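Enquirer: Starting off with a structure, shown below.
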């Protein structure tokens, strides 16, 4: 029974934690501009994420190492500085996006500009981290995040053409506006395969004291959780394809996005959209603040745990405090949240190789994984992801300039 | 060793110049800007309809439509139209000006809870949004 509850919670965490400002915005842009044609990118992103997350969980359960910890130990501190610096920059951008996303959600219901909301939202996120435990962050917000299933309900409600949806699951060359198509594909992959999720997941496995007996739960959580999470993002894309594309509407701001759900669910659609955006972005902001602290603490060998009182791991607590404070600044300065989202998703995609490459090496090191090293299939998939990550890193910035505008 | 490095430097510089070139105005960018403006006008219309049916609250509808009106006014003065022939540029700017005014009135009507005015302005918005999209831009130049 306990195992079933753990599996259910793991899947719920995956569903509730998948959608955030980046995946919602990129999925909606893709649906509005290219109808169902980019569904394949969401499926690919969710599949890659499931594989990588499973490996991170397995690494932690077997070796009791988190990903940053293992990278530093296996490759040395000087090498570790590269992912450390790059990932902190990426997490700053993504967290600023998430805080802006919560601000936008509150702006939608209050009419008060998102700029005024970012500091109270940042303070609330910080206070929950300061006072709460890992379980509160991981499970609490993710359970609330189930409200994002409204996108799936909404998509079914509008009866999208099944043939078109299935057709979109197959990768294809764009019929028009190639640069923008590939830019969105890269953004979707960047939003789905967020490297911060690997760090968060592996730290969570250590926080929850996983061992070999949890490997099956890890596999189900990673596969089903991320799979269902991907379905929520596909729901948002389908809604945009059915509601915005026929009307000739391009997604230029978050203010257009409530139309996705109001067209399907009326007044409740508006409420569910605001709740989805607020909860999903708030949860992601908390996860990123924590991950930033995990990365620093595990890299520098500080004491760390979200379950300890802040006085017992002061440097860890100080890191998430600083990250939360600094991430409020872009929204406070009035930066366009949608543009910031697009930039942060592309930067996130470009940062993938610095995490995935070392992970691949570690997942084949018997000193860490003993008899649970990657098999040929897992290595093949991660090899393909590494290749994809390299391509993304090379093409993302030119595509951002050529197709992102 | 120095020659290949110089070559890589030259190729990087060429790429950067090409990328920088993507940032200047072009007929393609003008067409994109026109499409985004038309999209903003349609969004404003759709939000107004949603407000009229009670699906969204007035505070959201007014804020969103007001923001779209500001965006349309900004688009009218954008430098991207300078690449188009004068007559074409003037026609687009005229439609953008009209759309900015209509959306501003729509915002006011929503604030006043004036559903009749919203219905009238919505029709007007559709007509001018269509007129804007119908204005041809030769992107092959």
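Enquirer: For the stretch A:257-268, give me the residue count where each residue is in contact with a helix residue (DSSP H, G or I) (Cβ under 7 Å, 6 or more places away or on another chain) and more than 7 Å from chain B (Cβ to nearest Cβ).
Expert: Step one: list which residues in the stretch A:257-268 are in contact with a helix residue (DSSP H, G or I) (Cβ under 7 Å, 6 or more places away or on another chain), which gives A:257-265.
Filter once more, so that each one left must be more than 7 Å from chain B (Cβ to nearest Cβ): A:257, A:260-261, A:263-265.
Residues meeting the conditions: 6.
Enquirer: Here's something else I'd like to know. Go through the stretch A:89-128 and give me each residue that's surrounded by 19 or more Cβ atoms within 10 Å (Cβ to Cβ) and either without any contact (Cβ under 8 Å) to a residue 60 or more places away in the chain or farther than 18 Å from residue A:23 by Cα (or both).
Expert: Scanning the stretch A:89-128 gives A:106, A:107, A:108, A:114, A:117, A:118, A:121, A:122, A:125, A:126.
Enquirer: So, of the residues in the stretch A:231-256 that are part of a loop (DSSP other than H, G, I, E, B) and more than 10 Å from chain B (Cβ to nearest Cβ), which turns out to be nearest to residue B:71 (Cα to Cα)?
Expert: First, the residues of the stretch A:231-256 that are part of a loop (DSSP other than H, G, I, E, B): A:244-253.
Among the residues that remain, those that are also more than 10 Å from chain B (Cβ to nearest Cβ) are: A:245-246.
Values: A:245: 20, A:246: 22 Å.
Looking at the filtered set, the residue picked out is A:245.
Enquirer: Got a sec? Which of A:115, A:172 is assigned to a loop (DSSP other than H, G, I, E, B) and over 29 Å from residue A:66 (Cα atoms)? It would help to see each step written out before you state the result.
Expert: On the way: A:115 fails: assigned to a loop (DSSP other than H, G, I, E, B).
Step by step, each of A:115, A:172 is checked, and only A:172 is assigned to a loop (DSSP other than H, G, I, E, B) and over 29 Å from residue A:66 (Cα atoms).
Enquirer: Please tell me if residue B:121 is within 14 Å of chain A (Cβ to nearest Cβ) and part of a helix (DSSP H, G or I).
Expert: On the way: within 14 Å of chain A (Cβ to nearest Cβ): no; part of a helix (DSSP H, G or I): yes.
Considered against the rule, which asks whether it is within 14 Å of chain A (Cβ to nearest Cβ) and part of a helix (DSSP H, G or I), residue B:121 comes out as no.
Enquirer: Now for a separate question. Is it fair to say residue A:336 is modelled with pLDDT under 95 and within 14 Å of another protein chain (Cβ to nearest Cβ)?
Expert: yes
Enquirer: Check A:279, A:274 and return the single one that is within 18 Å of residue B:47 (Cα to Cα) and either within 14 Å of chain B (Cβ to nearest Cβ) or at pLDDT below 95 (or both).
Expert: Values: A:279 fails: within 18 Å of residue B:47 (Cα to Cα).
Exactly one of A:279, A:274 is within 18 Å of residue B:47 (Cα to Cα) and either within 14 Å of chain B (Cβ to nearest Cβ) or at pLDDT below 95 (or both), namely A:274.
Enquirer: Is it fair to say residue A:348 is in a helix (DSSP H, G or I), surrounded by 18 or more Cβ atoms within 10 Å (Cβ to Cβ) and modelled with pLDDT of 90 or more? Steps first, answer last, please.
Expert: Values: in a helix (DSSP H, G or I): yes; surrounded by 18 or more Cβ atoms within 10 Å (Cβ to Cβ): yes; modelled with pLDDT of 90 or more: no.
Criteria not met by residue A:348.
The values are calculated or read from the model by the stated rules, or taken from the named source; none is laboratory data. All figures in this text were calculated on a predicted structure; none of them were measured in a lab. Because the Cβ atoms are built from the backbone with ideal geometry, glycine has one as well, and the counts that use them run over all protein chains shown.
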